[in-house]
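The block underneath contains the structure these notes are about, expressed in structure tokens.
Just so it is clear, none of the values below were taken in a lab; they were calculated from the coordinates. Note that the structure is a prediction, hence the values are computed from the model and not measured. FYI the Cβ positions are ideal-geometry reconstructions off the backbone, even for glycines, and counts take in every protein chain you see.
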Amino acid sequence: MARQPRHLTHGGLYRIWAHGRHHLFREPKDYAVYLNALLAAKQRTHLKLYHYCLLRNDVHLLVRIPTAS
């Protein structure tokens, strides 16, 4: 049975976690490519990024969704 979609709240604080069975990052440049994409998404969406942790097979983010204006 599929998981129900999450309801996001403006101003809400969320922990986002991605886990891979295999390595998500194989070389140092892979981390840089991911960080560049993450920062571009942050600027585009005005997401507040409080914390990130990039491991070989995990990504952990702590973000706040901007409040509606």
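The phi-based Karplus calculation (6.51 cos²θ - 1.76 cosθ + 1.60; θ = phi - 60°) puts the 3J(HN,Hα) values of the stretch 15-24 at 9, 10, 9, 10, 10, x, 5, 10, 4, 7 Hz, whole numbers, x for Gly and Pro. For residue 24, the amide hydrogen comes within under 5 Å of the amide hydrogens of 57, 58, counting only partners 5 or more places away or on other chains and with H modelled in the peptide plane. Residues whose amide H falls under 5 Å from that of residue 48, counting only those 5 or more places apart or on a different chain, are 64, with hydrogens built in the peptide plane. Estimated purely from DSSP H runs of n ≥ 4, each contributing -39500 (n - 2.57), the mean residue ellipticity at 222 nm for the chain is -9000 deg cm²/dmol once divided by its residues. May I ask for the angle, rounded to the nearest 10°, between helix 28-45 and the longest principal axis of the chain, with both axes built from Cα atoms and the value confined to 0 to 90°? Around 10 degrees separate the two axes. For the stretch 55-64, the Karplus equation 6.51 cos²θ - 1.76 cosθ + 1.60, evaluated at θ = phi - 60°, returns couplings of 10, 4, 10, 9, 10, 10, 10, 10, 10, 10 Hz by residue, with Gly and Pro reported as x.
When the inverse distances between all different Cα atoms of the chain are averaged and flipped, the Kirkwood radius reads 13.5 angstrom.
How much net charge surrounds residue 10 when only the other residues with a Cβ under 12 Å from the Cβ of residue 10 are counted, with Lys and Arg +1 and Asp and Glu -1? Result for the neighbourhood of residue 10: +2. Distance between the modelled labels on residue 67 and residue 45, one decimal in nanometres: 2.0 nm (7 Å Cα→Cβ projection).
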